[in-house]
Amino acid sequence: MMSSYQPQNLPPGGVPLELPYYGAPPIEAVKRFWKNYAVFHGRASRSEYWWWFLASAIVSGVINAAGATGNGNTSTSTALGGLWFLATVVPSLALAARRLHDANLSALFLLLALIPVLGWIALLVFVLLPANPRGQRFDRLVQAYPPNPPQPYPPQA
């Protein structure tokens, strides 16, 4: 059984945005999605990713249903759907990149989405993977302060 890392001394706001929030509740996951709007570094937990995926699917479904049951004018629904897509495409890609980082995978695997069907299935499998502690290499804090900093040159005689 893998133990999830949860900081013991949390700041007043909860888990810092730079760290994945394992077991994030739905509302907190959506808040973190918008606060990390275009942050492609760091990691995101499965709960953060899938709660946002569900919330986004519900909003998209409501927009599509409003256009289907409206007065026959689907241009309003299409415009709302387009605005929703434009507002969420960059943060959704950023969240997916952070989710891949949590599984210790490169965000370049997002390019699999360009391959119909097989690429989508592979990407689905990758975002379903559990957290891998080696994914900490994608955290800014770890990169800014490496565990073994380079040693200075020895004194010249």
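Only the coordinates and a few stated rules stand behind these numbers; no lab work does. Please read these numbers as outputs of a predicted model, since none were measured by experiment. For neighbour counting, all protein chains shown are included, and Cβ atoms are generated from backbone atoms with ideal geometry for every residue, glycine included.
For this structure, a couple of remarks:
- Hits in region 70-87 (condition: hydrophobic (A, V, I, L, M, F, W, C) and either closer than 30 Å to A131 by Cα or buried (at least 17 other Cβ atoms within 10 Å of the Cβ) (or both)): L80, W84, F85, L86, A87
- Number of positions in region 94-119 that are of a type outside the set (G, A, S) and surrounded by 13 or more Cβ atoms within 10 Å (Cβ to Cβ): 11
Here's the yes/no breakdown for (1) out of contact with any His (no Cβ under 7 Å at 6 or more places or on another chain); (2) loosely packed, with under 14 Cβ neighbours inside 10 Å; (3) of a type in the set (F, W, Y); (4) without any contact (Cβ under 8 Å) to a residue 60 or more places away in the chain:
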| position | (1), (2), (3), (4) |
| --- | --- |
| P20 | yes, no, no, no |
| P25 | yes, yes, no, yes |
| A29 | yes, no, no, yes |
| F40 | yes, no, yes, no |
| R43 | no, no, no, no |
| S56 | yes, no, no, yes |
| V62 | yes, yes, no, yes |
| A68 | yes, yes, no, yes |
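- Among residues of region 93-105 that are under 13 Å from H41 (Cβ atoms), those with a Cβ under 6 angstrom from a residue that is part of a helix (DSSP H, G or I) and small (G, A, S), sequence gap 6+ or separate chain, pair up as A97/A107; L100/A107; H101/G135; D102/G135.
- Among (1) of a type outside the set (K, R); (2) part of a loop (DSSP other than H, G, I, E, B); (3) surrounded by 15 or more Cβ atoms within 10 Å (Cβ to Cβ) - the single one Y49 does not satisfy: (2)
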